[in-house]
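The values are calculated or read from the model by the stated rules, or taken from the named source; none is laboratory data. Values in this document were obtained by computation on a predicted structure and should not be read as measured data. No Cβ is skipped: glycine too gets one built from the backbone with ideal geometry, and neighbour counts run over all protein chains shown. Quick note on the areas: whole protein, heavy atoms, side chains included, nothing else; ligands and nucleic acids left out. Shrake-Rupley method; radii C 1.70, N 1.55, O 1.52, S 1.80 Å.
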Amino acid sequence: MITHPIRRSPSKGLDLAIALAGAFAALLSFFLFGWLVWDLVRLGLPKLSWSFFSGEVEDAGRGGGIAPILVSTLGILACCLGLAIPLGTGCAIWLSEFVRRGSAWARLVASGVDLLAGVPSIVFGLFGMVFFAQTLGLGFSILSGGLTLACMILPLLVRTTLTALESLPADLRPAAAGLGLSKTTTTFRLLLPAALPGIVIGITLGVGRALSETAALLFTSGYSTRMPESFSDSGRALSVHIYDLALNVANGSAMASSSALVLLALILLVNSAAVALSEHWLRRRSSAS
Amino acid sequence: MASSRNISLSRCVDRVTGGVLALFALVSGGTVLLLLWNLFAGAWPAIEAGRLGAFFTDAKWQPGSQRDPQFGMVTMLAGSALVTVLAVALALPVGLASAIFHRFYAPPLLARWNRRIMELLIGVPSVIFGFWGLMVVVPAILRIAPGTPGQSLLAGGVVLALMILPLIALTSQAALQAVPSSLLQAAAGLGLGRARTIVSVALPAARGGITTGVFLGLARALGETMAVVLVCGNIPQIPGSLFDPIRPITSTIALEMGYATASHKALLFCAGLVLMLCTALLVGWISFRKNAANPGIGGA
Amino acid sequence: MNAAALHISGLSVSYRDLTALREVDLAIPEGQITALIGPSGCGKSSFLHALNRLTDLVPGCRVSGSIRLADGTEVTDPQTDVLALRRRVGIVFQRPNPFPQSIRRNFEIPLKEHGWAKSDIPDRIETVLREVGLWKEISDRLHQNASTLSGGQQQRLCLARALALEPEVILFDEPCSALDPLASGVVEDLILSLREKVTVVIVTHHLAQARRIADHAAVFWTRDGAGTLVEQGPAERVFSSPQDPDAILYLNGARG
Ligand SMILES: Nc1ncnc2c1ncn2[C@@H]1O[C@H](COP(=O)(O)OP(=O)(O)OP(=O)(O)O)[C@@H](O)[C@H]1O
Ligand SMILES: [Mg+2]
C-alpha cells in the first residue's frame, strides 16, 4: 500500500486533537457530575439522621426535619399520577388504536400534546394558579399542585405509551381481529399487557419529572410546612423547600443541602430504575425473539 | 355450549370505550388551549389597558412604584436571551466533543458509562443545579473576580450550561449514531482517516440532529426558572459585563407573583405569554424542520 | 354439491389506487377443502382477508361485490356484525401468532369474548387441544407463555384457538410455509382431518400439498395489473386438465 506521508500527517494531528478534546469533554462531564454529587454529600450528609426524616419543620427550616415535606411531596405525586396516568394512557390508546392514523382529529390532539410539551414549567405554574387554585376553587393545595404537574407530565406519558403501543409485534392485531375480538378486549387484554413495560418506564420517568419540578408548584401547592391533613391542605414539596431555604432563609443552606441530597437520591433511584427496567425488558425481548 | 352472546353488546362496549378514550384524548390535546386561554385571561387587564406597548418602550421595570410606574421588559428579555445563548455556547462544544468521543473513540465500557452518566444527569432537578451554583459556582466567581456580586450572567450561564449539557450530548450522540454506517464505510473506502471522516462526513450528516439538540437546549434554558433565579442576582438591567447581575423573565415571574396585585399580576401573565411564545417558536421550528425533512410522517 | 358455505360474486379488492383483485366469482363448497393457488402477488391473501373482513384493518383498502354465507348473511354489508362474522369464519395465518401470554389465556380471551360460560372453558380447551394433538404435549404447562412453544406447536395452537370458537369456515393463509417439513406434515394432516367438519379455504404455494388435500381448486393470476380467478373446479380436473393457458403453464412448470 502506498501512502503519502506528507498528506497523512495533518490528519493524524487532527485525529489526536479531536481525541484529546473529546476525552477532555467526557472527563469534564464525569468530573462535574462527581463534583456536584460530592458537594451535596459533603454538605448534606452531616445533618442526615432518622430525626431528619421524621421531624417537623422548625425555625423556618433551619432546624428539625422534613417529615411534612415528604408527606406533601408524596401527596402531590399521588394527585399528579392519579390524573396523568389515565389521561395520558387513554389519549395514547385512542391515538394508536381507536382513530384513523393521520385523521384531522388525531393530528389536532397530537399537536396539542406536542405543544404542551414545550411549555415552560413556570407557565404551568401560572396556569395552575389561575385554573386549579382560583377558577376551580381548589386554593393553594396539594391537589392544585398535583393537577398542575399532571398537565406537565402528560405529554411525556402520551409519547412513551404511544411508542410502546407502536412497537408491539405487527401480527398481534390481525391475530386478535381474526378471532373476532372487540377493540376493547384487544386493547385491554392483549395490547396493554404487552405494552406494559414501556408504559411503566414512561410513568417512572414522569415520576422523576414531577419530583424535580419546583417552578410549577410555587403558586399552586403553596409553602406551608405543616403536616398536611388532606389533599386540600397546602403543602410544600421537597424541591420548593430547597428553593425556599436557599433563597429566603438566612443560614438555611445546611438544611437545604441535606434536603437536596435526599431529593437527588430519590431522583437517581427513580431514573436508574427506569434505565434498569428498559434494559431488562430490551434484553428479554431480544432473547425471546 | 353457547356463542355469539352479546356480540352487539361487544359493539356497544367498543362504542363506550372509544367515547371515553376520545374524551381523554380531547382533554389531553385541549389542555394547551385551556392553558393559553387562562394565560390570556390573566394577561387581559394589561392588554386592555394598552400596557403591552410599554413593555418594549419603557426603560425600567418598576411596576409597583406609586410615583413613576414603568413596565419595560427589555432588560429582562435581554437577560433571558443572553443567559440562554451563553449557556448553549458553553454547552455545545463540550457536549458535541463528548458525543464525538463517545461515538468514535471511547472503548465500549467507557462509552456505556458516559451515556449512563448523561442519562442520570439529565434528570437532576434544576433546583439542585441552582442550589449547587449558589454554593459552589458563585463563590468561585467571587474568587476569580473579587469585588463583583458573584451572582451574575456568568453564573447563570455556567449553571444553565451544566444543566443542558446532557441534553445536547445525548441528542448529538443519537445524531452521530444515526449516521448510516454505509456512509462511514464509503469514507473508509476512499482512504479517509478517522478525523477527516468525522469532520467531513459524520458531522455534516448529523447536522440536523445536532441542531435539533441545540434548539431543545435553547428552549429548555429559556424556560428554566430555578437554576437562574438562585444564581443570576435578579437585578433587571442590561449587563455591562459577564459579571453583572441580570434578571431573566422566568425569575421575574417566580419572584414577584407571590405578592403582585391587580395590574402588576396581569403584567406577569403577559411576561408568561411572551415566554411561552418564544419557546413555542423554538419547539415549533424543530418540528417544522423535521416535517420538512420527512414529510410522509407527521400526524399521530 | 349445491350447498355452498360461501357464495362469492363480483368480488374486487383495491388498495388506494392499486386493484389487487378484480371481479372474482366463486362458490366455496361446504365441508370441503378448497385450495387457492397462483403466483405471488396475484391477490390470494387479499381474497382470503376479504372473506372475514380483515381487509377492514388496512387503511385505504376497499372491497366491492358480494360474499354470502350459507344462511344468506352478506359479509360485505357494513351492517353485518363483523365480530360475529369472524367467529364464524376463522383464520390461521402464515406466521404462527399466539398472543404473548399463557397458553390458557390464548383460549380464554376469545372464548370469553364470544360468550362461552366460564365453567365450559377448561373442557373446551382440552377438546380442541386434543383435536390438534397438542394435549399430551402441553397439558401440564397451560400456564406457560405460548411463545415458548416450538413453531409447529405454535401453529397448531393457533389452529386450536380458531377451532375453539366453532367456526363454520376456516381460512388458512399459507399455514405451513413458515414450518419445517415435519411440522408442516403434521399441520397438513390436521387440515385434512377437518374435512366434513368445517369448510376449509387454504392458500398454498405448495402444489403437491394442494393436490394431496384439496377437493376443489382455484387458480389466480395477474392480468392487466390485477389479480383474477382464471380457473376453478374439482381439484382433480384442475390439476389434470387445466383449460386456461396461464394455468396450464403454471401447473406444468411447477410439475416439471
Ligand atoms: N396492505 C396493502 N397495502 C397496499 N397494497 C397491498 C397490501 N396488501 C397487498 N397489497 C398488494 O395487493 C396485491 C396482492 O397482494 P396479496 O398479498 O393479496 O397477494 P398474494 O397472492 O397473497 O401474494 P403472496 O403469494 O406473495 O402472499 C399485491 O400487488 C400487493 O402489493
Ligand atoms: Mg399472501
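Buried accessible surface for the C/A pair, both sides summed and rounded to the nearest 100, is 1500 Å² with a 1.4 Å probe. In this structure A:I85 has an accessible area near 50 Å², from a 1.4 Å probe over the protein heavy atoms.
Only Lys, Arg, Asp and Glu carry charge here, each on its Cβ (+1 for the first two, -1 for the last two); on that basis segment A:172-289 has a dipole of about 680 debye about its Cα centre. Comparing mean-square fluctuations of A:S234, A:S103, A:S278 from a GNM of chain A with C-alpha springs under 10 Å, the top value falls on A:S103. Per residue of chain B, the DSSP helices (runs of n ≥ 4 H) give a summed -39500 (n - 2.57) that works out to -22500 deg cm²/dmol at 222 nm. For chain C, the convex hull drawn through the C-alpha positions has a volume of 126 cubic angstrom per residue. Electrostatic bookkeeping for B:G208 treats Lys and Arg as +1 and Asp and Glu as -1; over the other residues with beta carbon under 11 Å from its beta carbon, the sum is +3.
Per-residue accessible area (protein heavy atoms, 1.4 Å probe) orders A:F131, A:F31 as A:F31, A:F131, starting from the largest. Counting protein heavy atoms only, the protein assembly as shown has 62 percent of its accessible area on carbon and sulfur, 1.4 angstrom probe. A 1.4 Å probe run over chain B, with the rest of the protein chains in place, finds 43 Å² accessible per residue. Counting only DSSP H runs of at least 4 residues, each contributing -39500 (n - 2.57), and dividing by the residue count of chain A, the helix-based mean residue ellipticity at 222 nm comes to -23000 deg cm²/dmol.
The residue list B:G209, B:A254, B:S287 was ranked by how far each Cα lies along the charge dipole of segment B:193-300 toward its positive end, using unit charges on Cβ atoms, and B:G209 comes out on top. The modelled label-to-label distance between A:M227 and C:R195, using points 7 Å beyond Cα along the C-beta direction, is 8.1 nm. Taking all protein chains into account, the per residue accessible area for segment A:202-245 stands at 30 Å² (1.4 Å probe). Screening chain A for whole DSSP H helices with an alpha carbon extent of at least 27 angstrom along the helix axis and a mean Kyte-Doolittle hydropathy of at least 1.6 yields A:67-93. So how far, in whole Å, is the C-alpha centre of segment B:157-182 from the one of segment B:260-279? Cα centroid of segment B:157-182 versus Cα centroid of segment B:260-279: 32 Å apart. Computed over protein heavy atoms with a 1.4 angstrom probe, the accessible surface ordering of B:K60, C:K136, largest first, is C:K136, B:K60. Please give the net charge around C:V187, taking every other residue with its beta carbon less than 12 angstrom from that of C:V187, where Lys and Arg add +1 and Asp and Glu add -1. Net of charged neighbours comes to -3.
Per-residue ellipticity at 222 nm, computed for chain C from helices alone with -39500 (n - 2.57) per DSSP H run of at least four residues, works out to -10000 deg cm²/dmol. Taking both sides together, the accessible area buried where B meets C is about 1000 Å² for a 1.4 Å probe. Across chain A, Cα pairs under 8 Å and at least six residues apart give a relative contact order of 26 percent.
Accessible surface for segment A:54-170, divided over its residues, is 34 Å² per residue with a 1.4 Å probe. Per the Kirkwood formula applied to alpha carbons, the protein assembly as shown shows a radius of gyration over Rh ratio, Rg over Rh, of 1.07. To the nearest µm²/s, what D does Stokes-Einstein give for segment C:158-253 at 37 °C and 0.692 mPa s, using the Kirkwood radius over alpha carbon pairs as Rh? Calculated translational D: 225 µm²/s. Reported to the nearest whole Å, the Cα centre-to-centre distance from segment A:112-184 to segment B:80-133 is 28. Farthest toward the positive end of the dipole of segment A:66-283, out of A:L191, A:L217, A:A237, is the Cα of A:L191, where the dipole comes from beta carbon charges about the Cα centre. Reducing segment A:28-86 and segment C:154-225 to their Cα centroids gives an inter-centroid distance of 64 Å. Could you compute the net charge surrounding C:Q32? Neighbours are other residues with a C-beta less than 12 Å from the C-beta of C:Q32; K and R count +1, D and E count -1. Net charge in that neighbourhood comes out at -1. Between B and A, roughly 6500 Å² of accessible area is buried in total, ligands, DNA and RNA not counted and the probe set to 1.4 Å.
Among beta bridges from DSSP that stay inside chain C, the antiparallel ones total about 60%. For the set A:H280, C:H49, B:H264, solvent exposure ranked by accessible area (probe 1.4 Å, protein chains only) runs largest to smallest as A:H280, C:H49, B:H264.
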